[in-house]
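The values are calculated or read from the model by the stated rules, or taken from the named source; none is laboratory data. As the structure is a prediction and not an experimental result, all values here were calculated from the model. With ideal geometry, Cβ positions are generated from the backbone for all residues, glycine too; neighbour counts draw on all protein chains shown.
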Amino acid sequence: MLDRQNYLKVKLFLKYSRDVHGRSSLQISNDFEHLKALLLWAGSQPLGSVHAFNSSLSDFLFQVGEKGLDQAELQGVLNTNQRFLLWVKAMFPVEFQNIRLSWIMKITAISKGKEVII
Amino acid sequence: MSENQNTSNCRISRNVLIKAPGLLPMLYTPREIAEDLAVPETTLRDWLNHGAPHSRDKSNHIWIDGKEFAAWVDSQRNARKKPAHPLQAGEGFCMRCNTIVKIQNGKIHPVKGHLSHLKGICPICGGIVNRGIWNAGSAELSQS
């Protein structure tokens with residue numbers, strides 16, 4: 001079972017994106033699909049402790065994507081997750097104080113040797 | 001604890017059939033799942049009354065497991081499928097009676113290539129029944 005608080009934070013972020021940044025319904029839908037990867041990666045753990053996970057998000061995406069992911073799709077998923085983590089750290093500074101900005105900025109980096117899988 | 005009150009089939013829209021597999025393995029409230037599937041909450045509560053899997057906590061709040069609900073939606077799709085009944089040799093579909101009948105006095109006319117045309121009479125209404133036969137070596141041809 002996934003952590004409901006993580007899901008609620010994702011929903012809050014999507015609402016914020018729509019209301020404040022004026023993102024369209026299609027963009028919101030795409031963002032939610034991308035953020036599902038983060039929710040599945042975190043599982044039952046709170047998002048505040050994701051930096052301590054053994055595997056990286058990109059490695060998790062490679063494991064889950066049975067049909068394969070192309071570079072652009074993977075980069076899009078990672079970018080959305082980076083935006084979300086930056087937002088959540090700004091909105092919940094106490095809960096996410098252990099997650100460093102440098103770690104969030106590095107989340108979009110793809111491991112060497114896994115650049116392109118189609 | 002889960003509760004199923006009525007297990008009759010529900011009409012599930014195509015949009016829900018597409019979106020339901022994307023539900024996450026977690027507990028949703030009815031409002032959340034209705035938002036994710038883009039259906040009115042009243043519709044969702046109607047499905048719950050018709051046997052959609054859900055549970056209630058001590059405060060009597062309803063919780064829906066995303067994966068269980070997706071499996072239920074999939075089962076509803078399969079339940080609504082009509083069983084296929086391929087036409088047997090000498091059978092045809094009468095458009096007047098709206099049913100499959102055994103063609104009487106059937107005559108076969110070759111059309112083109114492997115395609116032939118079986119024309120006969122419906123034993124119920126006496127109307128003309130037509131049927132295309134794809135394979136020239138089919139059972140209808142051997143019967144005639």
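Quick look at the numbers
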| read-out | value |
| --- | --- |
| Any hit, the range B:89-103, residues being within 14 Å of another protein chain (Cβ to nearest Cβ), in a loop (DSSP other than H, G, I, E, B) and at pLDDT 90 or above | no |
| Extreme residue, nearest to the other protein chains (Cβ to nearest Cβ), among residues of the range A:2-32 that are acidic (D, E) and in contact (Cβ under 8 Å) with a residue 24 or more places away in the chain | A:D3 |
| Matching entry among A:L78, A:L69, A:L74, A:L85 (being more than 14 Å from chain B (Cβ to nearest Cβ), touching a residue at least 12 places away in the same chain (Cβ under 8 Å) and either over 28 Å from B:I18 (Cβ atoms) or of a type outside the set (A, V, I, L, M, F, W, C) (or both)) | A:L85 |
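Residue-by-condition table, conditions (1) modelled with pLDDT of 90 or more; (2) of a type in the set (S, T, Y); (3) under 25 Å from the mean Cα position of the chain (by Cα); (4) outside any helix (DSSP H, G or I):
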| position | (1), (2), (3), (4) |
| --- | --- |
| B:S8 | no, yes, yes, yes |
| B:L24 | yes, no, no, yes |
| B:R31 | yes, no, no, no |
| B:T42 | yes, yes, yes, no |
| B:R45 | yes, no, yes, no |
| B:I64 | yes, no, no, yes |
| B:K67 | yes, no, yes, no |
